[in-house]
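Each reported figure results from applying straightforward, stated rules to the coordinates on display, with no laboratory input. If you're wondering where the values come from, they're calculated on a predicted model, not measured in any experiment. A quick note on method: Cβ atoms are made from the backbone with ideal geometry, for glycine too, and the neighbour counts reach across all protein chains shown.
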Amino acid sequence: MAVHYGRHLTFKSCGVLIFLTGMMGSGKTTVGNLLAEELGLPFFDTDDIISSIAGMEVSTIFEKHGENHFRDLETLLIKNWKLTHGVIATGGGLPCHDGLMETLNARGKTVYLDCPVHVLVERVDGRAGRPLLAGLQPDDVRLKLEQLSETRRPLYLTSGIVINANQSPMEVMKNIMRELYT
Ligand code: S3P
């Protein structure tokens, strides 16, 4: 199927926000960068923005101020979002509190990268920088991801586009493009 890429002018004139949702390890950052490049849009990552505003790593925010504080920062960021163009990788838990999934759906196009837990487990193998998995043994990592995925998936599934993310990042990006244009 031909995918038409007459995109830059169209997108720049009407404003385009694409929010990638999904679990940690689902590929939001990698796919988001590819998608942004393909669409000629800037790429953002909510964790990076929060970390740069707070002046510390996300894991340090969790350690020093606790998860609830981090969730408040996510809420502030999304409720006050002003940029009109971009591909945005959202933190895995971001859509799942304070009605933020609904806010994302109202502000732009949401794309859920749907990935089976056993693949997530492989991808988060190096757990550095993932505070929710810090200190867990491999079996507990799997359990934690299963539990999070089960509770979050119904919300993620309200994204405008759902993509099987158990493929290479390039394939995932191309499938998103197809969904956006057809
Ligand atoms: C989290 C996922 C992380 C980060 C924080 C909490 C979560 O983002 O926001 O560690 O609750 O699943 P990624 O999904 O980009 O790893």
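Expected output is a single nm value to one decimal: the length gained when fully extending between Thr182 and Thr158, i.e. 0.36 nm times separation in residues minus the C-alpha distance. What is it? Numbers along the way, then the final one.
Numbers: separation 24, 0.36 × 24 = 8.64 nm, distance 1.92 nm.
Full extension from Thr182 to Thr158 adds 6.7 nm.
Sort 85-96, 137-148 by the packing proxy (mean of other Cβ within 10 Å over each peptide's residues), most packed first. Let's see the in-between values first.
Numbers: 85-96: 23.2, 137-148: 14.3.
Sorting 85-96, 137-148 by mean packing, highest first, produces 85-96, 137-148.
With the alpha-carbon atoms as the only input, what is the per residue convex hull volume for the stretch 67-156 in Å³?
Details: hull volume 9.9 nm³, N = 90.
About 110 Å³ per residue, rounded to a whole number.
For a quick check, take a GNM of the chain with Cα springs below 10 Å and name the residue from Asn80, Asn33, Asn166 with the largest mean-square fluctuation.
Maximum fluctuation in the GNM of the chain, among the listed residues, is at Asn80.
So which trypsin sites (Lys or Arg not before Pro) in the stretch 27-114 end up in coil per DSSP with only 16 or fewer other C-beta atoms within 10 Å?
Details: sites: Lys28, Lys64, Arg71, Lys79, Lys82, Arg107, Lys109; in loops: Lys82.
Within the stretch 27-114, the qualifying trypsin sites (Lys or Arg not before Pro) (loop, at most 16 other Cβ atoms within 10 Å) are Lys82.
So how do Glu67, Glu38 line up by other beta-carbon neighbours within 10 Å, fewest first? Each step should come with its number before you reach the end.
Details: Glu67 12, Glu38 18.
Neighbour counts put them in this order, fewest first: Glu67, Glu38.
Sticking with the crude label model, points 7 Å out along Cα→Cβ, report the distance from Thr151 to Glu37 in nm, one decimal please.
3.6 nm
By counting other Cβ atoms within 10 Å of each Cβ, how are Val111, Val119 ranked from fewest to most?
Values: Val111 27, Val119 17.
Lowest to highest Cβ neighbour count: Val119, Val111.
Please list, in chain and number order, the residues 5+ apart from Phe44 or on another chain whose amide H is under 5 Å from its amide H, with Hs placed from the backbone.
So Phe44 has HN proximity to Val87, Ile88, Ala89.
After finding the eigenvalues of the alpha carbon gyration tensor for the chain, what semi-axes result from the square roots of 5 times each, listed largest first in whole Å? Working shown, then result.
Numbers: eigenvalues 141, 78, 39 Å².
Sorted largest first and rounded, they come to 27, 20, 14 Å.
Let me know the charge dipole size of the stretch 8-180 about its Cα centre in debye, to the nearest 20, where only the beta-carbon of Lys, Arg (+1) and Asp, Glu (-1) is charged.
Working: 17 positive and 21 negative charges, 88 e Å.
My answer is approximately 420 debye.
Consider a paramagnetic label point 7 Å from the Cα of Met56 along Cα→Cβ; state which residues of the stretch 108-152 have an amide N under 20 Å from it.
128-135
Could you pull out every one of the aspartates and glutamates with an alpha carbon less than 19 Å from that of Lys64, ignoring same-chain neighbours closer than 8 positions?
Straight-line reach from Lys64, under 19 Å: Asp47, Asp48, Asp72, Glu74.
How much net charge surrounds Leu94 when only the other residues with a Cβ under 15 Å from the Cβ of Leu94 are counted, with Lys and Arg +1 and Asp and Glu -1?
Values: positive: Lys28, Arg71, Lys79, Arg107, Arg130, Arg152, Arg153; negative: Asp45, Asp47, Asp48, Glu67, Asp72, Glu74, Asp98, Glu102.
Net of charged neighbours comes to -1.
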